[in-house]
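Q: Would you mind keeping the following structure in view while I ask a few things?
Computed from the coordinates by the stated procedures, all read-outs in this text should not be read as laboratory data. The model shown is predicted, which means the values in this text are computed figures rather than measured ones. Quick reminder, even Gly has a Cβ in these numbers, built from the backbone with ideal geometry, and neighbours come from all protein chains shown.
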Amino acid sequence: MFDSINPQHRAEFRRALANFHFEPFGDGNRVLFPRQKAVVAGAFRHRVNGGDERIDANVITFEALSDILRTYFAQQAQHTAYYILPFTEDVDPAQTLTAATFHATMGEFTNYTEATRQTWAKDAEASQSIGNGTTPARFTINTGGGTVRGAAMSTQQAKLANTGIIVPCARFADDRVLAAGDKLDIEYVIQASDPDAP
């Protein structure tokens with residue numbers, strides 16, 4: 001998630017992570033780096049058939065935070081791709097959520113025509129923000145439709161995969177009741193900001 005940070009500042013964030021100089025907010029959505037005067041937070045944006053945009057904050061899982069530490073400080077290979085996956089259960093995601101427990105807990109929604117989870121095709125970083133606004137992850141709903149109640153991002157592409165890492169996850173404020181042929185577009189945006197900015 002910190003790949004797009006200016007290399008000069010990346011070392012500062014690495015030191016902050018290594019020395020535990022960060023403070024997760026109680027909502028699980030934001031992380032404060034006090035010495036860098038930065039808050040890192042994310043949100044999902046979603047639309048059905050090109051309209052009615054909605055935005056929902058997410059939680060960052062503990063397994064994702066641990067993965068960041070291992071990638072930066074234990075020479076673990078960096079992930080090269082991320083994938084969006086919708087879910088159906090009426091459950092607020094907890095930071096303890098993992099890839100292994102995702103389907104049993106959140107109920108991955110798989111009734112779309114695309115063969116795999118859709119790629120998070122990120123744009124270039126701009127104004128301390130990075131997302132996939134140019135190419136949202138599109139899910140074309142299959143016969144029978146269904147209800148999508150939230151979304152997550154994974155390091156694994158296969159539907160129902162229970163390995164890898166679940167990074168962010170969000171319960172939508174409003175359910176998306178979908179019919180065959182509907183197109184659900186999902187974006188994920190992560191942003192770093194100054195907590196003291198007006």
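Q: Residue by residue through segment 166-173, what is 3J(HN,Hα) from phi via Karplus (6.51 cos²θ - 1.76 cosθ + 1.60, θ = phi - 60°)? Round to whole Hz and write x for glycine and proline.
A: 8, 8, x, 8, 9, 8, 5, 5
Q: Sort largest first and round to whole Å: the equivalent ellipsoid semi-axes of segment 85-135, each the square root of five times a Cα gyration tensor eigenvalue.
A: Details: eigenvalues 128, 55, 16 Å².
Equivalent ellipsoid semi-axes, largest first: 25, 17, 9 Å.
Q: Right, something else. If amide H atoms are built 1.01 Å from N in the plane of the peptide, which residues on other chains or at least 5 residues away come under 5 Å of the amide H of ALA151?
A: PHE87, ALA170, PHE172
Q: Here is a follow-up. Which of LEU97, THR116, GLY144 sits closest to the plus end of the dipole of segment 81-148, meaning its Cα is farthest towards the positive end, when Lys and Arg get +1 and Asp and Glu get -1 on the C-beta?
A: So the residue we want is THR116.
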